[in-house]
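Reading through the structure tokens given below for one structure.
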Amino acid sequence: MKGIVRLGLYTVLAAIPFELPNRQTLPVEIPTLAGAIFLATALLQPRRCFGRVPLPVWWFLGYLFVFALATSLNFLNDAGEVLHLFLLIFQSALVFWAASNVLEDESVTSGALLTFAGACLVRAVLPMLGVGRTATMVWTGGERLTAFGQNENNAAMFLSAGLIALFGLGYARARAVLRPRLLVLPGCALIAYAAIETGSRGGLVALVAGLATFALSQGQTAWQRVRHGILALFGLAALLWGAYQTPVMRNRLRETTESGRMAGRENVYPTVAQMVIEKPLFGWGPENNQYELSVREGYRLSRRDTHNLLLETLSSTGLLGAIVFCIGVGLCVRAAWLARAGPERVLPLALTVSVLMANMSGNWMASKLLWVVFAYAVASACRVAAPRPPAVVADGLRRSGRALV
């Protein structure tokens, strides 16, 4: 049974980089289907998967309650879309709950990180081989490359997380899984190249932030911290150099620095902020907020995404929903910070920072990556060994002595 649950979790992680936006073969997204498989396997071992309820779970379930309340208080443009989003977030919260318990096993964690990093490496290489390659011309010059029609910004987010996971497997954790460690670097270079080719500025910032977080490592010797710091700086320098050498990324970065343009976000953010001011407590309702934003932006017949996770929660569920959701996120960030003293070291924090940074220029609340990273942070914090009081140690020694006699 334990192996089946582990396989179910690995299925979720392997599916994340292969989300297909145009669902012509399957009626649901591949990560959603994988999440359902994992939850089905989790029911085979309910005590192991759902026996402990991490504190963030209650806050995320509370957010879903506010989600339903905000929906009932606002006119629905499309009830089916709202229900679909609700079920996606509910499933993701259940995946978070089960995964945070399963990932307390170090061997499961190692396999999960290897699975995700390997899936991202395969996803990065496929377009280079011409498999699923999708190119989009941009007016600033150059092509934004992705695979299977995926959103470029979404692809950059999980590729960045995959690179950080791969680097962490070799250099960040107390026990390196991949040896010799130098074999990690070519894989990181391939994933970095694929992430840069997406032309996602937000993805680049997320990757830079995640790599910079490795400087906050704890529980290592001074030489290890210096060595890993040098590697992180070298990686950042190589990443920025590669981004500047790529025409599409160079032109998009230049556009932002010279004119302040951010693909329309410079207009979306002030508009959403005004919407929050107009309906501060419960917001405009999930999905309904995006239709309202579309009208104000002049699109009218479509939805306009807020392109920011915080603004999405504020505009859809108001201050009440945003506060409840952010408390849950804050507890996960705190867990990632505390995990630095454990065997996972700084890797949970680096992944958490990277994914949250990506969500500052996008809205991927329903993404399985976000919730699995949160689960990894919470599980890693639980594995931090708390020092036992001297009295407890002495009592244990006395019992051991009596047992020997």
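The values are calculated or read from the model by the stated rules, or taken from the named source; none is laboratory data. Bear in mind that the values here come from a model prediction, so they are computed numbers and not experimental data. Because the Cβ atoms are built from the backbone with ideal geometry, glycine has one as well, and the counts that use them run over all protein chains shown.
Some notes on this structure:
- Filter result (of a type in the set (Gly, Ala, Ser) and in contact with a helix residue (DSSP H, G or I) (Cβ under 6 Å, 6 or more places away or on another chain)) within the range 218-241: Gly219, Gly229, Ala232, Gly235
- Only residues that are within 18 Å of the chain's Cα centre (by Cα) and in a loop (DSSP other than H, G, I, E, B) were counted across the range 192-221, and they come to 2.
- Check on Thr25, among the hydroxyl-bearing types (Ser, Thr, Tyr), more than 19 Å from Val108 (Cα to Cα) and either at pLDDT below 95 or assigned to a helix (DSSP H, G or I) (or both): yes
- Of all residues in the range 345-366, those that are part of a helix (DSSP H, G or I), closer than 12 Å to Leu211 by Cβ and β-branched (Val, Ile, Thr) total 1.
- Matching residues, the range 191-233, being touching a Leu at 6+ places or on another chain (Cβ under 8 Å) and surrounded by fewer than 19 Cβ atoms within 10 Å (Cβ to Cβ): Val208, Ala212, Leu216
- Within the range 163-191, the set of residues being within 17 Å of the chain's Cα centre (by Cα) and over 17 Å from Val346 (Cβ atoms) comprises just one member, Ile191.
- Restricting attention to the range 38-64, the residues that are within 15 Å of Phe282 (Cβ to Cβ) and either part of a loop (DSSP other than H, G, I, E, B) or in contact (Cβ under 8 Å) with a residue 60 or more places away in the chain (or both) total 2.
- Residue within the range 246-260 that is of a type in the set (Ser, Thr, Tyr), surrounded by 14 or more Cβ atoms within 10 Å (Cβ to Cβ) and within 19 Å of Ala189 (Cβ to Cβ) present: yes
- Residues that are surrounded by fewer than 20 Cβ atoms within 10 Å (Cβ to Cβ), touching a Phe, Trp or Tyr at 6+ places or on another chain (Cβ under 8 Å) and not in a strand (DSSP E or B), drawn from the range 129-166: Gly132, Phe148
- Within the range 341-383, considering residues that are crowded, with 21+ Cβ neighbours inside 10 Å and more than 14 Å from the chain's Cα centre (by Cα), the one farthest from Phe158 (Cα to Cα): Ala381
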